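Read the structure below first, then the notes.
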Amino acid sequence: SSDMAATAERFNYYAAACAIVASTISIIFGYDTGVMSGAMIFIKEDLRIDDTKVEVLAGILNLCALVGSLMAGRISDYIGRKYTIAMASTIFLAGSVLMGWSPNYAVLMTGRCVAGLGVGFALMIAPVYSAEVSSAQSRGFLTSLPEWGIAIGILLGYISNVACARLSLRLGWRLMLGIGAVPSLILAVAIVSKMPESPRWLIMEGKLGEGKRILFAVSNSKEEAEIRFREIKIAAGIDPEEEGEETVDHVPKNSGGKGVWKELILRPTRAVRMILIAAVGIHFFEHMVGTEAVVLYSPRIFKSAGVTDKHKLLLATVGVGLTKFAFIVISTFLLDRVGRRRLLLVSTAGVVGALTVLGACLTIVEREKGEKVMWALGMSIASVYAFVAFVNIGLAPVTWVYSSEIFPQRLRAQGYSLGVAVNRLMNATISMTFISLYKAITIGGAFFMFAGVAVVAWFFFYLLFPETKGRSLEEMEELFSHGFRSGRKQQSKGQVGQGNV
């Protein structure tokens with residue numbers, strides 16, 4: 001009907017503002033990732049550490065983030081999404097202060113570990129919160145905002161590298177790392193004072209009145225809010241006809257998430273098993289195609305390609321940040337139009353091509369030792385930018401959007417935290433082994449290996465991933481119970497009717 005179409009065209013700016021505030025935590029994480037790529041050059045020189053310690057320093061944040069993400073799932077079910085985001089900011093604040101002060105390698109590692117816990121909390125909770133305040137037709141856009149934050153943060157980190165590189169060796173890298181404490185403090189205060197709680201979490205806790213009020217604020221119409229309210233009550237096991245109560249005590253709760261792991265892993269239904277495979281799989285492949293190797297070690301890649309001047313290395317790395325941000329922005333506007341599945345498949349195919357070219361060019365440069373092969377140098381830089389573009393037009397944003405929306409409400413926080421834990425594990429694996437890997441099989445060989453992994457990833461996505469565009473969060477379990485071919489058929493039917501749920 002025309003009323004339904006008009007509702008679908010509206011955009012709720014309050015829901016967008018909530019998602020933007022939640023996603024700001026990702027800027028802090030992105031900054032830490034980006035700034036460390038350049039800071040490591042100066043840390044190695046100042047603290048006189050070898051490549052093994054550099055690898056450990058690069059990867060330890062992600063191992064600690066793995067722990068943080070697993071903790072955050074249970075904690076966010078217990079204290080709520082809002083206060084979990086505030087906790088993430090506070091933890092990261094402490095880590096940034098330690099890194100900025102660090103007089104030696106041990107203190108620097110401690111600060112990196114503390115920051116890692118905050119990163120794990122942030123990566124888990126920001127997309128979940130954004131998904132839970134969003135309408136179905138704008139969920140792809142709003143849930144991908146944390147990726148905007150990461151891209152902006154990485155770019156700011158690269159710019160900070162260039163700006164602080166001319167300071168004294170002792171001060172420069174410490175200032176790069178310590179600056180992250182300032183936005184962490186501001187964000188923690190803003191979240192506690194201004195941001196509402198997730199309406200889905202409130203309703204699942206039996207706080208119907210407060211949850212409904214927030215639903216009305218973040219929905220595109222009164223009718224949509226009523227539909228969402230009814231669906232969430234059904235998912236929570238509350239009588240959908242129950243009215244007139246601010247709170248109810250008879251919600252079949254998981255007592256802060258207890259029993260979820262049994263339903264997720266030990267005795268899952270067919271649909272939950274397929275959802276878990278999809279969520280864990282996409283987080284696994286996001287980093288196994290070499291994403292972190294390019295983002296974190298781009299100065300070394302450009303150096304291997306023939307760029308030797310330190311200042312030019314950092315400037316070339318800024319180009320990586322600009323490319324990432326530009327294509328994340330583009331993907332954000334395509335997710336709810338083109339769909340998750342199509343973007344994912346096109347993106348992964350492009351990653352295969354870019355990695356193959358990069359591997360070939362770096363191999364040629366390596367074989368011509370002592371001579372600059374200008375065309376290979378140019379193609380190497382271009383293929384790095386192409387890789388970053390293809391990853392960020394699909395694979396990176398879809399990973400976070402898709403895995404945050406497919407779990408049933410009762411399993412979402414802890415199921416998503418498991419996916420994030422796998423993401424951080426693979427990120428740590430790549431960042432802590434890349435130097436050793438390319439020394440063992442050459443840098444060109446390393447990227448040929450990543451290209452092979454990307455081929456496997458493409459078939460995995462093609463065979464197992466249904467389209468979720470336009471679906472309400474409460475429909476996902478049914479969608480996965482049919483398999484992706486049934487899901488695609490269902491997706492093509494009644495899109496207008498589903499779009500405003």
- Item | Evaluation of SER89 against (1) open to solvent by less than 30 Å² (accessible area, probe 1.4 Å); (2) over 18 Å from the mean Cα position of the chain (by Cα) (one fails), failing number | (2)
- Just one of the numbered conditions (1) surrounded by fewer than 24 Cβ atoms within 10 Å (Cβ to Cβ); (2) under 27 Å from ILE275 (Cα atoms) is not true of ALA382; which one? (2)
- Query: Which helices (runs of 4 or more DSSP H) sit wholly inside the stretch 145-219 and have at least 2 residues that are of a type outside the set (A, V, I, L, M) and open to solvent by 20 Å² or more (accessible area, probe 1.4 Å)?
  - Reply: 169-178, 181-194, 208-218
- Those residues of the stretch 421-456 which are open to solvent by less than 10 Å² (accessible area, probe 1.4 Å) and over 16 Å from GLY59 (Cα atoms), in sequence order: ILE443, GLY444, ALA446, PHE447, PHE450, ALA451, ALA454
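Within the stretch 265-278, can one find any residue that is in a helix (DSSP H, G or I) and polar (S, T, N, Q)?
Step one: filter the stretch 265-278 for residues in a helix (DSSP H, G or I), giving 265-266, 270-278.
Narrowing the set further to residues that are polar (S, T, N, Q) leaves none.
No, that holds for no residue.
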- Tabulated pairs, the stretch 398-423, first over 27 Å from ILE238 (Cα atoms), second among the small types (Gly, Ala, Ser), C-beta under 6 angstrom, 6+ apart or interchain: VAL401/GLY140; VAL401/SER144; GLY419/ALA279; GLY419/SER403; VAL420/SER69; ALA421/SER69
- Query: Which ones in the stretch 272-288 are crowded, with 21+ Cβ neighbours inside 10 Å and aromatic (Phe, Trp, Tyr)?
  - Reply: PHE285
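Among the listed residues ASP32, ASP3, which satisfies the condition of being modelled with pLDDT under 85 and crowded, with 24+ Cβ neighbours inside 10 Å? Reasoning before the result, please.
On the way: ASP3 fails: crowded, with 24+ Cβ neighbours inside 10 Å.
Within the list ASP32, ASP3, the selection yields ASP32.
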- Residue list for the stretch 132-143, restricted to those being within 16 Å of the chain's Cα centre (by Cα), open to solvent by less than 10 Å² (accessible area, probe 1.4 Å) and closer than 12 Å to ALA16 by Cβ: ARG139, LEU142, THR143
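Somewhere in the stretch 318-326, is a residue out of contact with any Asp or Glu (no Cβ under 8 Å at 6 or more places or on another chain), surrounded by fewer than 23 Cβ atoms within 10 Å (Cβ to Cβ) and at positive phi?
Initial filter on the stretch 318-326 (out of contact with any Asp or Glu (no Cβ under 8 Å at 6 or more places or on another chain)): 318-326.
Among the residues that remain, those that are also surrounded by fewer than 23 Cβ atoms within 10 Å (Cβ to Cβ) are: 318-319, 322-323, 325-326.
The next check asks that each one be at positive phi; those that pass are none.
Among the residues of the stretch 318-326, not one is out of contact with any Asp or Glu (no Cβ under 8 Å at 6 or more places or on another chain), surrounded by fewer than 23 Cβ atoms within 10 Å (Cβ to Cβ) and at positive phi, which makes the answer no.
Quick one: in the stretch 35-51, of everything that is within 15 Å of ALA106 (Cβ to Cβ) and touching a residue at least 60 places away in the same chain (Cβ under 8 Å), which residue is least open to solvent (accessible area, probe 1.4 Å)? Full working, then the answer.
Step one: list which residues in the stretch 35-51 are within 15 Å of ALA106 (Cβ to Cβ), which gives 43, 46-49.
Add one more test, that the residue is touching a residue at least 60 places away in the same chain (Cβ under 8 Å), and what stays is 43, 46-47.
On the way: ILE43: 1, ASP46: 41, LEU47: 41 Å².
Here the residue is ILE43.
Regarding the stretch 390-397, can at least one residue be identified that is open to solvent by less than 10 Å² (accessible area, probe 1.4 Å), among the aromatic types (Phe, Trp, Tyr) and either at pLDDT below 80 or over 30 Å from ARG74 (Cα atoms) (or both)?
We begin by selecting, within the stretch 390-397, every residue open to solvent by less than 10 Å² (accessible area, probe 1.4 Å); these are 391-392, 394-397.
Right, trim to among the aromatic types (Phe, Trp, Tyr) and you get none.
There is no residue in the stretch 390-397 that is open to solvent by less than 10 Å² (accessible area, probe 1.4 Å), among the aromatic types (Phe, Trp, Tyr) and either at pLDDT below 80 or over 30 Å from ARG74 (Cα atoms) (or both).
The values are calculated or read from the model by the stated rules, or taken from the named source; none is laboratory data. Every value quoted in this text rests on a predicted model; they were computed, and no experiment measured them. Quick reminder, even Gly has a Cβ in these numbers, built from the backbone with ideal geometry, and neighbours come from all protein chains shown. The area values use the complete protein model at the heavy-atom level, side chains included, leaving out ligands, DNA and RNA. Shrake-Rupley method; radii C 1.70, N 1.55, O 1.52, S 1.80 Å.
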